Amino acid sequence: MQIAGAHDVPVTDEIFKATDRGAAILATSWLDDYLIAAIKSKLLDDKDTIKKLFKPSGALGGLSVKTDVGFVLKLYGKETRDDLHHIAGVRNLFAHWSKTIDFGSRDIRTAFEKLTITDRIFAAHEGHEPKARQTGSPLNPPFKTLTPSGETIAPKMRFTISASV
């Protein structure tokens, strides 16, 4: 998924201005919207049935189910499916914990380090070496990703890229 047009610019602006918690929740909601659109494009156009399927309590209401349906519809491969599940996991940590957390929190970093999509994107660029992704100890992982030009990507930005590709 990429920015589809001018209507997405306000969402991206809000994500970048938000707290880590807000950015994770909003970026994942944005991803969910695009995943719904991609799945709907493969289904029979029956508005009533689709509305029932995609309502929050419907058979395709949850992000995890939509992630698996997108995979079996061949919208993406196994690695992307796994990344989408990890993105949902990070979002759930932010959404359901009442303690103060951010992308620097140990539990978030541990879940976040499972994402590979940014590495796969940058690996397509000549000269980028995936080993540039560095992790530290489980207690204090200094997680970072380097772009092909050698710039460090902050965790919030890495998550946002992962959720918007």
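Derivation of every value follows stated rules applied to the coordinates shown; laboratory data play no part. Since the model is a prediction, treat every value here as computed from it, not as a measurement. Every residue, glycine as well, gets a Cβ built from its backbone with ideal geometry; the counts of neighbours run over all protein chains shown.
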The ³J(HN,Hα) series, computed from each phi in the stretch 48-59 with the Karplus coefficients 6.51, -1.76 and 1.60 at θ = phi - 60°, rounded to the nearest Hz and given as x for glycine or proline, is 5, 5, 4, 4, 5, 5, 9, 5, x, 9, x, 4
Residue span Asp82 to Lys42: 0.36 nm per residue of separation minus Cα-Cα distance leaves a gain in nm of 12.3 nm
Expressed in nanometres to one decimal, the distance between label points 7 Å along Cα→Cβ at Thr152 and Lys17 is 2.7 nm
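Count charges around Thr80 for me, please; just the other residues with Cβ under 15 Å from its Cβ, Lys/Arg as +1, Asp/Glu as -1.
Numbers: positive: Lys66, Lys74, Lys78, Arg81, Lys114, Arg120; negative: Asp32, Asp68, Glu79, Asp82, Asp83, Asp119.
Cβ neighbours under 15 Å give a net charge of 0.
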Inter-part gap, Cα centre of the stretch 15-62 to Cα centre of the stretch 73-104, in whole angstrom, is 14 Å
Distance in nm between Thr100 and Lys114 label points, each 7 Å along Cα→Cβ, equals 2.7 nm
For the stretch 13-30, in residue order, the Karplus 3J(HN,Hα) values (coefficients 6.51, -1.76, 1.60; θ = phi - 60°; whole Hz; Gly and Pro = x) are 4, 5, 4, 5, 8, 6, 5, 4, 4, x, 5, 5, 5, 5, 4, 6, 5, 4
Diffing the stretch 93-98: the Karplus 3J(HN,Hα) column from phi (6.51, -1.76, 1.60, θ = phi - 60°), in whole Hz with x for Gly and Pro, holds 4, 5, 6, 10, 9, 8
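Take Leu60, Leu43 and order them by how many other Cβ atoms sit within 10 Å, fewest up front. Before the final figure, lay out the partial values.
Working: Leu60 19, Leu43 14.
Ordered by Cβ neighbours within 10 Å, fewest first: Leu43, Leu60.
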